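Step one of this worksheet: look at the structure below.
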Amino acid sequence: MMRFDGQVAIVTGGGRGMGRSHSLLLAERGAKVVVNDLGVTMAGALTTEAPAHSVVAEIVQAGGDAIADGNDVATPTGAQAMVDAAIARWGRIDIVIHNAGIVRFAPFGEMTYEQFRSVMSVHVDGGFLVARAAWPHMAAQGYGRIVFITSQAALSGIENNANYGAAKTALVGLARGMAIDGAQHGIKVNSVDVMALTRMMEDFFTGGDESRPDIGAATGARNWWEQYVRPELVSPVVAFFAHKDCPWSGEIINTTAGRVCHQYLAMTDGFTDLDLTMESISENFAKIGDSQHGQHVFSHTNQYLQLQLKRLVEDTGIEAIPSM
């Protein structure tokens, strides 16, 4: 059985929904857990710290070890405080699961800067800050696992949520850069692209309007969602990529309703023209968009550059770039 005995984890947004499920599974598998949760509404309004304490009570009752944390992950002092709490209690930090998030629905033409920044702050600033606070401890011990929870909205988009899509996409880029920097320290960083029926998904059903009828209930789809798209089917994926045996770093893993797959970056074969014009782009647009051929995976900018240079030489016959 894959376990986390002797390891310490922080789960942001760990008091409800997917975060609760992640916290409980990590604790069940032996991890000591800092359950961080402000107890906010999905729009970010403060309510109560009770969710974090409730999850901690569940963990302790089951024989585990956990502490509740009510600090704000989106502030430097808050992120540092939750890492300090883990170090003070257990002397180490091995795992960071950045799950905390909010949504602020608005059509882009009506979206305010505050609606944009508030979402970016929790998702992106929060991910950076908590990972940055944990990083020196992980580097010193030569080991760490960081998992950012992202969303299909990051890559596919969803109406009235350009801010959310931007935030989740930013986390993917942050994770890829961190993975490269973390390799020499034994730190692996991945993004898990998830969908599950949580408070956030409830808001997607209603468009964030509490007065609007629940589309899922109205169509009879809610029972299906509750059965197949529950958070408990996401947590094993998150836990696997937080485990010492995780083989990947810098990757995107997609999971919904028990299905797990790899999302990756690719390029079509496209075309090359050393006398490139707008017209030649128009004439060759079918080649540019032909996703059925020549998809090349790359996981580092150097790989991308090498591929582009290789294709340039093949397509044009020019001499290869001299070795540096």
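Criterion applied to Ala139, Ala162, Ala133 was being out of contact with any Asp or Glu (no Cβ under 9 Å at 6 or more places or on another chain), in the same structural domain as Gly250 (by TED's automatic domain parsing) and closer than 22 Å to Gly6 by Cα, and the one residue passing it is Ala139. If the condition is being in contact with a strand residue (DSSP E or B) (Cβ under 9 Å, 6 or more places away or on another chain) and hydrophobic (A, V, I, L, M, F, W, C), then the range 154-166 contributes Ala154, Leu155, Ile158. State yes or no: is Gly144 under 13 Å from Asp94 (Cβ atoms) and not hydrophobic (A, V, I, L, M, F, W, C)? In short, yes.
Name the one entry in Asp275, Asp269 that is under 18 Å from Arg311 (Cβ atoms), among the acidic types (Asp, Glu) and surrounded by 13 or more Cβ atoms within 10 Å (Cβ to Cβ).
When all the criteria are applied, what remains is Asp269.
The values are calculated or read from the model by the stated rules, or taken from the named source; none is laboratory data. Not measured: the values here are computed from a predicted model. Heads up, the Cβs are rebuilt from the backbone with ideal geometry, glycines too, and the neighbour counts pull from every protein chain shown.
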